[in-house]
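Enquirer: The structure under discussion is supplied below as structure tokens; questions concerning it will follow.
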Amino acid sequence: MIYLDQAATSFPKPGEVVEAVVRALRSAGSSARGGHELSLAASRLVFQARLTAAEFFGAADPSRIAFTANATESLNLALFGLLEPGDHVITTAQEHNSVLRPLFLLERRGVDLTIVPVDRRGVVDLDQLKISLRPGTKAVVVTHGSNLTGNLLDLDHVMGFCREHELILILDAAQTAGWYPYNLTRQPIDVLCFTGHKALYGPQGTGGIYIRPGLQLKPLKVGGSGTQTFAREHPREMPEALEAGTLNTPGIAGLAAGIAWVQSLGLERIRQREAQLTRYFHQRVQEIPGVELYGDFSAPERLPIVTLNLPGLEASLVSGLLAQEGICTRSGGHCAPLLHRALGTEERGAVRFSFSHVNTEAEIDVAVEALQRIAQEYGGQ
């Protein structure tokens, strides 16, 4: 099998991650739910994972990081916890449904929404940010890197814009956490939402949210917290404010191991290798006559993603034929409806290839040769 669907979830997971999950299952109870050894072991695992995540993201206060099930939950916590009827929020047309659907629901509840457009390459028109400003503008929510095109947003530009106009910046880092070197002590990012199972190499069902000091969210969920049992309201202090219910201790242990594994390799080494593989695939796939590529390949830096279509063929057919040869890709709409519409692929979809530093040039050669055969055998039918 050749796995080129790393933007969906990283595979294979490091052995250290698997071992950490199994070890937690065998030795940890419920975090913050008792004083016996198994409960204390779980609490220590979660505490250490919070320290590991804070160090990795450059957060000065580990308590400002709450663990969640995924980036979607984190984004829901942020959006429903910060936006009220009458507020105005700005987002972009390259967003994932984990941003768009909460915003569309909030719009129906009275939040004013502006969506900044993208061009035919999927590049966000950042000049529209200033044009979109209104007296009631409260926040900007954007994805740092597109899961469809691999395009990166100019984060420095967006951070500067939000700081200048005193807006809350909510950053969707689903694709970039574990790839981009964040430093939340220095960067004016108010809310960072991340998942654990992509570039952080943790298990599925893990993620987190960082909230800058001084900013408070209304909790989306309330209930058991392990503390302040007799209070009628859920604790307001971080991280308990956003961690109602029993935590996924084995998953969090695996996430911490994934972060440690990424740290041991070094982000710069990972990025360089993935850029090398992406360039190689991009160069080779252009050998196919009429291949359609989506995204801005002139940018100095991009995520390790190349999305394409073969002439005259549906994306689902191409991806299905590749799967028959043991090559894993992702076709369809990629939960990015507005971006597909802008690219002109709303009806057809597209085939996404996404790479990790664990992939090889030999695997890419096999994938490109398979695409060439599919184009020759099925093209024009």
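Enquirer: So, Glu243, is that one crowded, with 19+ Cβ neighbours inside 10 Å, within 25 Å of Glu16 (Cβ to Cβ) and among the charged types (D, E, K, R) or not?
Expert: yes
Enquirer: Given the structure, is Val21 closer than 26 Å to Asn359 by Cα and either touching a His at 6+ places or on another chain (Cβ under 9 Å) or among the aliphatic types (A, V, I, L, M) (or both)?
Expert: Taking the combined requirement at face value, the residue satisfies it.
Enquirer: Kindly indicate whether any position in region 195-208 is farther than 22 Å from Arg44 by Cα, part of a strand (DSSP E or B) and in contact with a helix residue (DSSP H, G or I) (Cβ under 8 Å, 6 or more places away or on another chain).
Expert: No.
Enquirer: Of the residues that sit in region 32-86 and are under 22 Å from the mean Cα position of the chain (by Cα) and of a type in the set (S, T, N, Q), which one is nearest to Glu243 (Cα to Cα)?
Expert: Taking the candidates together, the pick is Thr68.
Enquirer: Looking for whichever is charged (D, E, K, R), over 21 Å from His144 (Cα atoms) and outside the structural domain of Asp119 (by TED's automatic domain parsing) here; the options are Glu301, Glu361. Which one fits?
Expert: Residue meeting the stated conditions: Glu361.
Enquirer: Got a sec? Which of Thr137, Thr185, Thr176 is surrounded by fewer than 23 Cβ atoms within 10 Å (Cβ to Cβ), farther than 24 Å from Asn359 by Cα and in contact (Cβ under 8 Å) with a residue 60 or more places away in the chain?
Expert: Thr185
Enquirer: Among strands (runs of 3 or more DSSP E) lying entirely in region 55-132, which contain 2 or more residues that are surrounded by 15 or more Cβ atoms within 10 Å (Cβ to Cβ), of a type in the set (A, V, I, L, M) and in contact with an Asp or Glu (Cβ under 9 Å, 6 or more places away or on another chain)?
Expert: Here the list reads 112-116.
Enquirer: Also, I was wondering about something else. Hey, any hits in region 213-232 for a residue that's under 13 Å from the mean Cα position of the chain (by Cα) and surrounded by 14 or more Cβ atoms within 10 Å (Cβ to Cβ)?
Expert: Checked region 213-232: no residue is under 13 Å from the mean Cα position of the chain (by Cα) and surrounded by 14 or more Cβ atoms within 10 Å (Cβ to Cβ).
Enquirer: Does Leu293 fit the bill of being over 25 Å from Arg101 (Cα atoms), more than 26 Å from the chain's Cα centre (by Cα) and outside the structural domain of Lys198 (by TED's automatic domain parsing)?
Expert: no
Enquirer: Also: Of the numbered conditions (1) more than 28 Å from Gly150 (Cβ to Cβ); (2) not assigned by TED's automatic domain parsing to the domain that holds Ile252, Asp61 satisfies every one except a single condition; which is it?
Expert: Here Asp61 clears every test but (2).
Enquirer: Separate question: Quick one: Gly266 ticks every box in (1) farther than 16 Å from Ile65 by Cα; (2) touching a residue at least 40 places away in the same chain (Cβ under 8 Å); (3) small (Gly, Ala, Ser) bar one, so which box is it?
Expert: The number of the failed condition is (2).
Enquirer: Considering only residues that are farther than 24 Å from Thr176 by Cβ and either among the basic types (Lys, Arg) or surrounded by fewer than 16 Cβ atoms within 10 Å (Cβ to Cβ) (or both), which ones fall in region 1-28?
Expert: Those that are farther than 24 Å from Thr176 by Cβ and either among the basic types (Lys, Arg) or surrounded by fewer than 16 Cβ atoms within 10 Å (Cβ to Cβ) (or both): Met1, Gly15, Val18, Glu19, Val22, Arg23, Leu25, Arg26, Ser27.
Enquirer: Another question, if that's okay. Would you mind finding the one in Leu77, Leu51, Leu105, Leu45 that is touching a Leu at 6+ places or on another chain (Cβ under 7 Å) and either of a type outside the set (Gly, Ala, Ser) or within 25 Å of Gly150 (Cβ to Cβ) (or both)?
Expert: Leu77
The values are calculated or read from the model by the stated rules, or taken from the named source; none is laboratory data. Computed from a predicted model, the values in this text were never measured in an experiment. Virtual Cβ from ideal backbone geometry, glycine too; neighbours counted across all protein chains shown.
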